[in-house]
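The values are calculated or read from the model by the stated rules, or taken from the named source; none is laboratory data. Keep in mind it's a predicted model, so treat the numbers as computed, not measured. All Cβ positions, glycine included, derive from the backbone under ideal geometry; neighbour counts span all protein chains shown. Note: areas computed on protein heavy atoms with side chains; ligands, DNA, RNA excluded. Shrake-Rupley method; radii C 1.70, N 1.55, O 1.52, S 1.80 Å.
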Amino acid sequence: MIGMTMKQIVKILLGLIFLVLLNSNVLAQPGDQMTPAAVEAWADELFASAEQGKRYSGAVVSFVKNGEIVFAKGYGYADRNAGTPVDPAKTGFRIGSISKTFTATAIAQLIDQGRIGGLDDAANQYLKRLQLPSPGGKEITLKQLITHTAGFENRVFNIATDRAHDLPLSAEEVQRFAGEVVNDPGRYISYNNFGTAVLGIVVEDITGETIADYFERHIFTPLGMDNSVLNMEPGPSPGLGISYGFLPNGEPLAIPHRTIHPFYAPVGGVNATAEDMARYMIAHLDAGSVSPRPLMSPAAFEMMQTRYAGNHKLSSGFGMIFFIWDWNQQRLVVHGGDWPGTHSGMVLFPGLDAGIFFSLMAEFPEVPILESIIGSERLTEIDGIQVDTPLSNAGVIVDFLEHFIGPAVAPVQAGFKAGDLSEFAGDYVGQSAPHTTMGVMLNFSNPFSTVRVDLAEGGGLLINGRGPYREIATDVFWSDEVNTPLDGFFLDSPMYAFSRDEHGEVDYLSPQIGFDAWVKKAPLEVPSTYLTAWLILLLFLLSGLLCMFYPKVPTNRYAKWLPVMIAIFMVSMPLVLLLGYAEGDGLVSHLFFGHAGRFIVFAALANLIVVLAVISAWYTIRVWKDGYWEGRKLAWLLRIHYTLLSLAGLLLIPVFNYSNLLGF
């Protein structure tokens, strides 16, 4: 530096400092900003903002790193009306389907102990109270059950209970829930509750313990999860928080408590505190190395977090129940949980030895359907009172990842050129749904049941009307215009990947989180087709009420009353399901609790309508053959109207058949 002025030396030193700082930023690893203070600041900001919009009534977060609980905090109220604040050490939250990971942990323990030979063993080998079908002569394996690839339909009827049950459940009670295989095992990932419930039965049949006792003795107690329970009783467990939804006028309304049925308890029955869930995350992150009583060997933990199945290599896949997912090359081990009133998420970052758990008491309020239609004072918005849509677990997970790992980056294939996109257009129907029961009608109103793909003007695809999505790799599409908002779901995905069948034809699609396969279907296989047909036929059949004013036919006084009766019964069908509930009761409760009365009446009306439609069709022949209303003004118009009513009645047969209502 001889001959340099002091000013030049300072400039060089400042330049060197800048390069060092720049280099340190380049070398910084994703998640380096994931400090306890930064996580707390993120949570404080998120929940303070959400509280202003009444987007939750209570919430909790716990964060672990390097084998320690470094942050646990509650927000809002464990019981809003009582003014009881959330305590991360004591307030219980319903963690929903995160419970499945406990069931998978139990299976891994039994494999580790040699009581199960391995994941490729047939499930029937270990089942005593239930035997699964063998599609094509092939046994369904434990691996297929634990990766959601067994091909079972996903039912919700009687998933909850309002009465006590003798435990363990009898073989007769277990068999009552036997599911139907609707897809070839191993073909798709299709998220399924029945498969995990069967794994719970496997644990019970091998050990002779109820699944609740097994969790308590072999998972909760060793980890010091003293405030956690697998609840198999009809009422709430001690210390459980009460969730509220907010009406448009800002009034909080408690969400009814519904206990999961003991058969499905291994699927979603765990109630836990945030601090207990932190202990559970540490066990899975450190493979038991820091636990005073390790749950199993490190190899068993590794087995749980190994990806075994996926709908597409760029979508998330499944290990042993855990979602295995890459976000900007950061490997994630994830699971979420949803139950009416509570939505939870758990994300493990094995490469960072860190994990976060959160649970939200956030929900839309449940009000009687008639009140929601005609309105009321409490359903009227008030100036100055802000009520936004509730937070979702998907939205919070993505917000955390974007904050600490960065926005998702498109996996662009180098040198790729998009081709003709017309083969991708069409309707794709999700498989994680009822297929063989009248529960298939849930797909009529389920916004996630069908994904619509259209060609976008100017190129690319519109997926459910959003986009455009551009093809960035073979059969993989990305849109920078789509993300997952705080109230969003996993179909709010920037990426969709398509898969092909053995003939090279487009078969199904998966979003970034590949929890289900949406299979390409013809128009007559799409739920919306039948919903549209149902509504159109209903509106036209209502004109059958005019038949009561038709002139009398001396030779037959009954024919004109058939369309009248069909119209009355058609109107009665939705009314049977939607009206006449007390506050806190409703269609969801009857569906969840398995109260079949209204559904039986609904199906009986459908069958009665078909019988009347067939009789009406027979009378249509006589209407023309015998010249009904001959000599009356516009007799031909009456006969045409009657004929069209009979035809509309017959067209209900395929609609009711699709809905699994006929011959119930």
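Points to keep in mind about this one:
- When the listed pairs Lys138/Lys521; Lys552/Lys625; Lys100/Lys521; Lys138/Lys313; Lys54/Lys100 are checked against a 24 Å cut-off, the alpha-carbon distance exceeds it for Lys138/Lys521; Lys100/Lys521; Lys138/Lys313; Lys54/Lys100.
- Loop-resident trypsin sites (Lys or Arg not before Pro) (DSSP state other than H, G, I, E or B) in region 578-664 with no more than 10 further Cβ atoms inside 10 Å of their Cβ: Lys633.
- Region 530-635, dipole about Cα centre (Lys/Arg Cβ +1, Asp/Glu Cβ -1), debye to the nearest 20: 600
- Sparsely packed trypsin sites (Lys or Arg not before Pro) within region 176-273, loop by DSSP, other Cβ within 10 Å at most 15: Arg176
- Segment Ala41-Ala425, extension gain: residue separation times 0.36 nm, minus the distance between their alpha carbons: 133.8 nm
- Leu578 paired with Glu371, simple spin-label distance in nm, labels 7 Å along Cα-to-beta-carbon: 1.7
- DSSP loop GluC sites (Glu not before Pro) with at most 12 other Cβ within 10 Å: longest gap in the chain: 1-380
- q = 0.14, 0.19, 0.25, 0.27 Å⁻¹, region 175-214: log10 I(q)/I(0) [Debye, one scatterer per Cα]: -0.41, -0.66, -0.90, -0.96
- Net charge of neighbours whose Cβ lies under 13 Å from the Cβ of Pro368, counting Lys and Arg as +1 and Asp and Glu as -1: -3
- Under 19 Å from the Ala48 label point (7 Å along Cα→beta-carbon), backbone N, region 74-98: 74-77, 86
- Length released on extending from Arg187 to Arg557, taking residue separation times 0.36 nm less the Cα-Cα span: 127.5 nm
- On the basis of the beta-carbon distance and an R0 of 30 Å, Trp636 and Ala522 show a calculated FRET efficiency of 0.20.
- Entry note, region 291-332: relative contact order of 26 percent, from Cα contacts under 8 Å with a spacing of 6+ residues.
- Gap separating the Cα centres of region 342-362 and region 639-663, nearest whole Å: 50
- Asp120, Asp585, ranked by accessible area, largest first (probe 1.4 Å): Asp120, Asp585
- Accessible surface of region 371-491, 1.4 Å probe, proportion on carbon and sulfur as whole %: 52
- Our summary gives region 300-378 a relative contact order of 16 percent, counting only alpha carbon pairs under 8 angstrom and 6 or more residues apart.
- Sum of side-chain charges, Leu247 neighbourhood, beta-carbon under 11 Å (Lys, Arg +1; Asp, Glu -1): -3
- Theoretical ellipticity at 222 nm over the chain - DSSP helices of four or more residues, -39500 (n - 2.57) apiece, nearest 500: -10500 deg cm²/dmol
- Solvent-accessible area of Tyr550, all protein chains in place: 20 Å² (probe radius 1.4 Å, heavy atoms, ligands and nucleic acids excluded).
- Kirkwood-type hydrodynamic radius, region 281-354: 13.3 Å, calculated from all non-identical alpha-carbon pairs.
- Annotation: average projected area of region 327-435 is 13.1 square nanometres, based on the convex hull of Cα atoms across all directions.
- Cα centroid separation, region 424-442 to region 231-301: 29 Å.
- Cα gyration tensor category, rounded, prolate or oblate, for region 458-606 with a/c compared to 1.5: prolate
- Cα pair distances of the chain binned at 10 Å [whole percent]: 3, 14, 21, 24, 18, 10, 5, 3, 1, 0, 0, 0, 0
- Computed Rg/Rh of region 256-380, alpha carbon atoms with Kirkwood Rh: 1.10
- Highest mean packing comes first when the peptides 59-65, 244-250 are listed by Cβ atoms within 10 Å, giving 59-65, 244-250.
- Förster radius 60 Å - calculated FRET efficiency between Asp213 and Phe416 (Cβ-Cβ, nearest 0.05): 0.65
- Per residue, the accessible area of region 533-661 comes to 51 Å², computed with a 1.4 Å probe over protein heavy atoms only.
- Projecting the Cα atoms of Ala418, Leu295, Ala59 onto the charge dipole of the chain (Cβ charges, centred on the Cα centre) puts Ala418 farthest toward the positive pole.
- Region 146-271 - convex hull of alpha carbons, volume per residue in Å³: 150
- The residue list Thr161, Ile324, Met565 was ranked by how far each Cα lies along the charge dipole of the chain toward its positive end, using unit charges on Cβ atoms, and Met565 comes out on top.
- Sparse-neighbourhood loop sites, chymotrypsin sites (Phe, Trp or Tyr not before Pro) in region 316-411 - DSSP loop, at most 10 other Cβ within 10 angstrom: none
- Charge sum, other residues only, whose C-beta stays under 14 Å from Gly179's C-beta, Lys/Arg counted +1 and Asp/Glu -1: 0
- Backbone N within region 236-276 under 11 Å of label point (7 Å from Arg378 Cα along the Cβ vector): 245-255
- Residues of region 36-103: accessible area per residue with a 1.4 Å probe, Å²: 36
- FRET efficiency estimate (nearest 0.05) - Cβ-Cβ, Glu502 to Asn328, R0 41 angstrom: 0.80
- Which of His312, His595, His284 is most accessible, then next, and so on - probe 1.4 Å: His595, His312, His284
- For the chain: relative contact order, % (alpha-carbon pairs under 8 angstrom, 6 or more apart): 14
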